[in-house]
Amino acid sequence: MPEFDLPTVIFALVALFVAWKLRSVLGMRQDSERPGGLLAPLRRVPGAPVPPPDAKTTAPVPQAPADRWKGVAEPNSAVWSGLDAIAGADRSFSTQAFLSGARGAYDMVVHAFAAGDSDALKSLMSPEAFANFESAIHARADAGHTTSTTVVSIDNATIDGAGLVGQTARISVRFAAKLASVTRDAQGEVVDGSPNTVVEHIDLWTFARDVRSHDPNWQLTQTESES
């Protein structure tokens, strides 16, 4: 019968056990790290934070520049804060676009009123303002008078007041313009003004718009002549 060396047998058994254990451990790692394995959902780009499961991603809100009304209103004035309120309710609001539209409206209203074009005026005004203009047109027609007006130039248009009342934005604009206007009677005789005389006008007009409306147009709500 062969003799067994007990220490050699013990070391052999230990080696077999260690080899079996390593094989089983390596096999588990390979299985779990393959695509779709148990660890796949935890993979991420190195250095990228892992948000909690219930985290919601939101885009940062851009901060308005502190000097965005520079050249349009005085800092810390009522007009400045009024423009802030309007811009806060209507992200598309732009003073440049508004003043450009206001200049266009001034030219259109002056010429439409002189021509007695009620349809054109109605589309540009609130019902209350339109009623006043239409009344003046009817009174002029009843007197047999006609008016011709030319807007020679709009020299300046500045924002004099601004604010948000509920959901209605209101902006007052002071216009400095030069007009040539003449009114004639039924016989064609001049009863007021002169076609060859240019007169400077200062007018304060107020425009309004519902900030919830998809219609970007503003309506003229009030007019006041200062000269």
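For Met108, the accessible area of its heavy atoms, probed at 1.4 Å with every protein chain present, is near 100 square angstrom.
Measuring between their Cα centroids, the stretch 105-137 and the stretch 170-219 lie 9 Å from each other. Calculated accessible area for the stretch 60-175 comes out at 55 Å² per residue, all protein chains present (probe 1.4 Å; ligands, DNA, RNA ignored). Cβ-Cβ distance of Val199 and Ala66, R₀ of 45 Å, FRET efficiency by 1/(1 + (r/R0)^6): the value works out to about 0.65. Only one residue of Thr183, Ile202, Ala157 has its Cα farthest out toward the positive end of the dipole of the stretch 152-219, where Lys and Arg carry +1 and Asp and Glu -1 on Cβ, and that residue is Ala157.
Charges at C-beta only: +1 for Lys and Arg, -1 for Asp and Glu. How large is the resulting dipole of the stretch 69-227 about its Cα centre, in Debye rounded to 20?
480
Charges were assigned to the Cβ only: +1 to each Lys and Arg, -1 to each Asp and Glu. The resulting dipole of the stretch 166-227 about its Cα centre is roughly 340 debye.
The values are calculated or read from the model by the stated rules, or taken from the named source; none is laboratory data. A quick note: this is a predicted structure, and the numbers were derived from the prediction, not measured. We place every Cβ from the backbone using ideal geometry, glycine too, and count neighbours over all the protein chains shown. Ligands, DNA and RNA are stripped out before the accessible areas are found, and what is left, the full protein with its side chains, is counted by its heavy atoms. Shrake-Rupley method; radii C 1.70, N 1.55, O 1.52, S 1.80 Å.
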